[in-house]
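One structure is given here, and the rest of the page talks about it.
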Amino acid sequence: MDNITFANPEFFYLLFLLIPLIIWYIWKDREANAAIRFSTLKGFSGAGRTAKYWLRHILFAVRLIILSLIIVVLARPQSVNKWQDVNTEGIDIIIALDISGSMLAQDFRPDRLEASKAVAIEFVSGRPTDRIGLVVYSAESFTQCPLTTDHAVLINLFHDIKSGMIEDGTAIGMGLANAVSRLKDSKAKSKVIILLTDGVNNRGSIAPLTAAEIARTFNIRVYTIGVGTQGTAPAPVQTPYGVQIRQVPVEIDEQILQQIAQVTDGKYFRATNNQKLIEIYKEIDQMEKSKIDVREYSRKEEEYLAYGLGAVILLLFEIIIRKTVLRNIP
């Protein structure tokens, strides 16, 4: 979008000269004397004021506008076109999210899964220049969204995630291996996986440490996050009387998560509540900042022509009105 600037803004001080002109015009109008004298005005008592009486001021108003436009022309209005040349050292990030049934535990608000989605979405929104993808896993794993810079699509796919989309279980190794497969051919300077889970690996054909070794082979760094409070947490449990909220033990294989992070030169985090999870993502965000080089360019174009033409048109209008409609007005 064009921005208007002025090369000689000091000429705008000339606008103050319009004030004494207006004062002089008002004083002159009040002191004006009739050109013809009559002994009595009784014969004109019933005559009303014509349109010319009220239009007699239009010439002065037009002249003020013409002077204002000339001053704007002297100030040299210019349009400035700006654009940016952005170079980035790209970072490709895959978020591997556990969607097993235990993620419905309510030690987070409203539950672990929804809290994890909300914080991840905020993380994605804060990294507009990075390619980010999403892998979900339970007993199996699949890619919810491949690497993309279209974060609006990615965020919509986050909203679509629900527990129960695939068979229940916790296949950490499968989730990590799937994320690695999405990053292994990436040409990005930095390749990162954020792996989040609240349980212990109990399904899948690939061991978590095997997947971690594969990640290291492709220079992929893995940040692991264990989600869950200490001790027990309220969670929905299927009973003969329907789904009820009961206290269930929190079991997170922190040792495996720490080993995955260590093998891949990443870091392990433990989130025990919503605020802690937010802080973890902020720390990861700071550790994985993409480098952005921005060069700004600008081009200025003179825009006085429109104002000059406006002044000329109004001048012609003033001459025509003065010589025709208002020719008898002194």
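General remarks:
- Rounded if a/c under 1.5, otherwise prolate or oblate - segment 144-185, Cα gyration tensor axes: oblate
- Ranked list, fewest to most other Cβ atoms within 10 Å of each Cβ, for Leu15, Leu183, Leu176: Leu15, Leu183, Leu176
- Across every direction, the projection of the convex hull enclosing the Cα atoms of segment 91-289 has a mean area of 10.1 nm².
- Pairs beyond 19 Å (Cα-Cα), from Lys187/Lys282; Lys162/Lys289; Lys191/Lys289; Lys189/Lys282; Lys162/Lys282: Lys187/Lys282; Lys162/Lys289; Lys189/Lys282; Lys162/Lys282
- Segment 55-184 - charge dipole about Cα centre, Lys and Arg +1 at Cβ, Asp and Glu -1, debye rounded to 20: 1200 debye
- Applying both filters, DSSP loop and at most 14 other Cβ atoms within 10 Å, to the trypsin sites (Lys or Arg not before Pro) of segment 147-234 gives Lys162, Lys184, Lys187, Lys189.
- Calculated FRET value between Glu279 and Arg109, using beta carbons and R₀ = 22 Å, to 0.05: 0.90
No lab work stands behind these numbers, since they all come straight from the coordinates. This structure is a prediction, so every number in the text was calculated from the model and none was measured. Cβ: placed from backbone, ideal geometry, glycine included. Neighbour counts: every protein chain shown.
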